[in-house]
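S.K.: I'd like to ask you about the structure that follows.
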Amino acid sequence: MRRVVCKGERLGLRDVTEADVDALHTIYGSPAATQYAPFAPRDRHEVSGLVDEAVSAAAAEPRLLYVLAVIDAERPDVIGVARLRIEADLPHSGEIGFGLRPDQWGRGIGTDLVRLLLSFGFKQLGLHRIWGARSPANLPAQLAMLTAGMVEEGRIRHHLHTPQGWRDSIVHSAVEDEWTQR
Ligand SMILES: CC(C)(COP(=O)(O)OP(=O)(O)OC[C@H]1O[C@@H](n2cnc3c(N)ncnc32)[C@H](O)[C@@H]1OP(=O)(O)O)[C@@H](O)C(=O)NCCC(=O)NCCS
């Protein structure tokens, strides 16, 4: 199994473990952090199930799903969660998703997290294309991805079904050769 450890200046990424359930629940269970997600805030039991799936996925060969705890570089605290998913028939391409604990917002950490995910995907996984989809209303995610170098590609209509109904998504992407030049 490939274990993930990735370090940036302010953040680190590592595989989630069962010990992270409570920390991850502060994100997946938060109405603020899930306001643009296609699901209602999760309860602790649901988060525990997500962690079980993540641990199983980490052992798969080839590995197609990375669910990573975002760690404060100065303390062992889990301050966020990041996902990178590869489709089996598009092995050069990965989709990212990310969320931080609300008490961490507004200090540039989200932008740093996107940068770290791009570095992880391109350098450690050897991907060529990394993309993410956000709600059209999610301005912090838009700015974090743009500042980290992920250009807007366009709109997927009725991409997700949410508790409020169908939702469009705006897709951002980065490709390896452009990213290397930056
Ligand atoms: C998206 C998210 C990770 C951004 O994290 P963050 O640490 O607040 O992001 P940053 O501090 O790097 O801010 C990114 C940009 O958004 C701006 N911003 C942050 N919060 C904002 C707000 N509430 N309203 C308007 N702009 C905001 C910042 O000023 C910054 O803009 P700049 O680059 O022009 O300076 C965080 O809001 C989050 O976890 N949201 C819930 C989960 C989510 O929506 N994930 C994205 C799924 S695609």
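S.K.: With every protein chain left in place and a probe of 1.4 Å, what is the accessible surface of ASP43, to the nearest 10 Å²?
M.R.: 80
S.K.: Once fully extended, how much extra length lies between HIS45 and ASP177, figured as 0.36 nm per residue of separation less the alpha-carbon to alpha-carbon distance?
M.R.: So the chain would gain 43.4 nm between HIS45 and ASP177.
S.K.: Still on this model: Given a 1.4 Å probe and the protein chains all in place, what does the accessible area of THR180 round to, in Å² to the nearest 10?
M.R.: Looks like 90 Å² after rounding.
S.K.: May I have the pair-distance distribution P(r) for the chain, computed from all Cα-Cα distances with 5 Å bins from 0 and rounded to whole percent?
M.R.: Here the calculated profile for the chain is 1, 8, 17, 21, 23, 19, 9, 2, 0.
S.K.: At q = 0.17, 0.21 Å⁻¹, work out log10 I(q)/I(0) for region 17-112 with the Debye formula, treating every Cα as an identical point scatterer and leaving solvent out; two decimals please.
M.R.: Result of the Debye calculation: -0.80, -1.15.
S.K.: Same structure again: PHE39: accessible area at probe 1.4 Å, nearest 10 Å²?
M.R.: Accessible area, nearest 10 Å²: 50 Å².
S.K.: Now a separate question. Each label point is 7 Å from the Cα along the Cα-to-Cβ direction; what then is the distance between the points at TRP105 and ALA59, in nm?
M.R.: 3.7
S.K.: While we're looking at this one, here's another question. With runs of 4+ DSSP H residues as the only contributors, calculate the mean residue ellipticity of the chain at 222 nm using -39,500 (n - 2.57) per run, divided by the residue total and rounded to the nearest 500. Don't skip to the end; give the middle numbers.
M.R.: On the way: 5 runs with 49 residues, N = 182.
Taken over the chain, the calculation gives -8000 deg cm²/dmol.
S.K.: With all protein chains present, how much of the accessible area of region 5-181 (probe radius 1.4 Å) comes from carbon and sulfur, to the nearest whole percent?
M.R.: C and S fraction of accessible area: 52 percent.
S.K.: Report the one residue of HIS128, THR17, LEU65 whose Cα lies farthest in the direction of the positive end of the charge dipole of the chain (charges on C-beta: Lys and Arg +1, Asp and Glu -1; origin at the Cα centre).
M.R.: Ranked along the dipole, the leading option is HIS128.
S.K.: Under a 1.4 angstrom probe, counting protein chains only, how are ASP168, ASP52 ranked by accessible area, largest first? Could you put the intermediate results ahead of the total?
M.R.: Details: ASP168 35, ASP52 75 Å².
Final ranking, largest accessible area leading: ASP52, ASP168.
The values are calculated or read from the model by the stated rules, or taken from the named source; none is laboratory data. This is a predicted model, so every value here is computed, not measured. So basically every Cβ, Gly included, is an ideal-geometry build from the backbone, and we count neighbours across all protein chains shown. Just the protein is used for accessible areas: all its heavy atoms, side chains included, with ligands, DNA and RNA removed. Shrake-Rupley method; radii C 1.70, N 1.55, O 1.52, S 1.80 Å.
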